[in-house]
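A quick write-up on the structure given underneath.
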Amino acid sequence: MKIGIDFGSSSLKIFAEGKGIVADDPSVVAFDSLSGNPIAFGVAADNVYGRCGNDIEISKVIKNAVVSDFVMAERMLRFYLQRVCGNRIYKPNIILSLPSNISNLEKNTFLDIITLAGAGRVCMVDGILASAIGCGIDTDKLGGRMVIDIGHHITEFAIVSLGGVAAKGVIKRGSYEIDKAIINHLKRDRDILIGPHTAREIKNKITSAIDRECETALFVSGKSCLDDLPISFEVTSSEIFPYIDEQVNLIIKEIHNEILNVSPDLLADAADHGILLCGGGSLVFDIAERLSYELDIRCEVVEEPILAKIKGLGRLMSDEKLLENNGYRFIFKDEIKNRKNK
């Protein structure tokens, strides 16, 4: 069996051969603080985040696109692989997407986790290439096409041409910065504490990358900093916009700086064909319009943008020639060990 894995800061997505997308859960593990044993993974663990006692701890196993908790990351992946494969003896072939800017040490950490979790062979691919393929970009065409993947902690871009990635860049800023800005504003200016779930709800329902004439509002719950009691309150799009605008400006500025390093011919191709947007950050209302205006290049959000990367892994998984054309191949566990020992 072949399995594609996108193990990101916000979620673990898995594509299984013949089954399609079989998992799309938060990259979170809940474990007993005394024994260290995991008690819940993914959605079940995320549901107790901020609601558990001192005897239960929550681990966000991937932070800033790298492993932050090796033990829990391995146990989480092992749990999901066993659920997908249904056989502890069977060793699946795994395609893993990774950010293009991570170090060899960080790559080796992911390799160790994948092999310990039960992989037979492993193929690590550039995540932005998978995103481009998942967006429907034909890698065999001569004309360059740009894709921007606005993730949780990082934003990646690439121009794909003639079967591979012709130019790429990584920005250490993503949609998490928007969530954090909302949390910080409410704490600082209104003495209200909210959790990450509420921040994402506000971002997804009423925020916009462009200041709207029509204001929208949302009632949410939090905790008062003044008396530590629960509080329900209204938040409006006009109140939140300045903080969203600041973070979107920073993301766009860094994207623009990265694009300046692209060759004129490739950039001209990208301008002719437009830019495709994917990743969770592309769900912010009017982000395509804002980027189109700031970059002076037509931008559009693809269908199901948060699934673009895992869909691309699914296509790569089913076409080894496409993998080979982009310089990738499956390697065995023993070969992995030999590589790391050299």
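Data for the structure
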{"item": "Which listed residue, of 46, 24, 32, is at pLDDT 85 or above, within 14 Å of residue 197 (Cβ to Cβ) and not aliphatic (A, V, I, L, M)", "result": "46"}
{"item": "Per-region count, segment 255-287, residues assigned to a helix (DSSP H, G or I), surrounded by 15 or more Cβ atoms within 10 Å (Cβ to Cβ) and over 18 Å from the mean Cα position of the chain (by Cα)", "result": "8"}
{"item": "Qualifying residue in segment 167-174 (condition: of a type outside the set (Val, Ile, Thr), at pLDDT below 90 and in contact with a Ser or Thr (Cβ under 6 Å, 6 or more places away or on another chain))", "result": "yes"}
{"item": "Test: residue in segment 150-162 that is touching a residue at least 24 places away in the same chain (Cβ under 8 Å), over 13 Å from residue 255 (Cβ atoms) and among the hydrophobic types (A, V, I, L, M, F, W, C)", "result": "yes"}
{"item": "Single residue of 137, 150 found to be β-branched (Val, Ile, Thr), at pLDDT 90 or above and under 23 Å from residue 307 (Cβ atoms)", "result": "150"}
{"item": "Yes/no for residue 77 being modelled with pLDDT of 90 or more and not in a helix (DSSP H, G or I)", "result": "no"}
{"item": "Of the criteria (1) in contact with a strand residue (DSSP E or B) (Cβ under 7 Å, 6 or more places away or on another chain); (2) hydrophobic (A, V, I, L, M, F, W, C); (3) in contact (Cβ under 8 Å) with a residue 40 or more places away in the chain, which one residue 259 fails", "result": "(1)"}
{"item": "Hits in segment 288-302 (condition: over 23 Å from residue 206 (Cβ atoms) and surrounded by fewer than 18 Cβ atoms within 10 Å (Cβ to Cβ))", "result": "296, 297, 298"}
{"item": "Single residue of 233, 241, 219 found to be within 15 Å of residue 185 (Cβ to Cβ), of a type outside the set (Gly, Ala, Ser) and not in a helix (DSSP H, G or I)", "result": "233"}
{"item": "Residue match in segment 89-102 (condition: of a type in the set (Val, Ile, Thr), over 27 Å from residue 177 (Cα atoms) and loosely packed, with under 15 Cβ neighbours inside 10 Å)", "result": "yes"}
{"item": "Residue in segment 90-106 that is in contact (Cβ under 8 Å) with a residue 60 or more places away in the chain, touching a Lys or Arg at 6+ places or on another chain (Cβ under 8 Å), part of a loop (DSSP other than H, G, I, E, B) and of a type in the set (Ser, Thr, Tyr) present", "result": "yes"}
{"item": "Residue in segment 111-118 that is in a loop (DSSP other than H, G, I, E, B) and either crowded, with 20+ Cβ neighbours inside 10 Å or of a type outside the set (A, V, I, L, M, F, W, C) (or both) present", "result": "yes"}
{"item": "Residues located in segment 216-241, provided they are surrounded by 12 or more Cβ atoms within 10 Å (Cβ to Cβ) and over 25 Å from residue 26 (Cβ atoms)", "result": "216, 217, 224, 225, 231, 233, 236, 237, 238, 239, 241"}
{"item": "Segment 61-74, residues that are touching a residue at least 40 places away in the same chain (Cβ under 8 Å), part of a loop (DSSP other than H, G, I, E, B) and small (Gly, Ala, Ser)", "result": "65"}
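Here's the yes/no breakdown for (1) touching a Lys or Arg at 6+ places or on another chain (Cβ under 7 Å); (2) of a type in the set (Gly, Ala, Ser); (3) modelled with pLDDT of 90 or more:
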{"site": "162", "(1), (2), (3)": "no, no, no"}
{"site": "232", "(1), (2), (3)": "no, yes, yes"}
{"site": "254", "(1), (2), (3)": "yes, no, yes"}
{"site": "264", "(1), (2), (3)": "no, no, no"}
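Residues checked against (1) outside the structural domain of residue 171 (by TED's automatic domain parsing); (2) without any contact (Cβ under 8 Å) to a residue 40 or more places away in the chain; (3) closer than 18 Å to residue 152 by Cβ:
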position	(1), (2), (3)
196	no, no, yes
200	no, yes, yes
208	no, no, no
293	no, yes, no
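The values are calculated or read from the model by the stated rules, or taken from the named source; none is laboratory data. Since the structure is predicted, the reported quantities are computational estimates derived from the model, not experimental observations. Cβ sites come from the backbone with ideal geometry, for glycine too, and all protein chains shown count toward neighbours.
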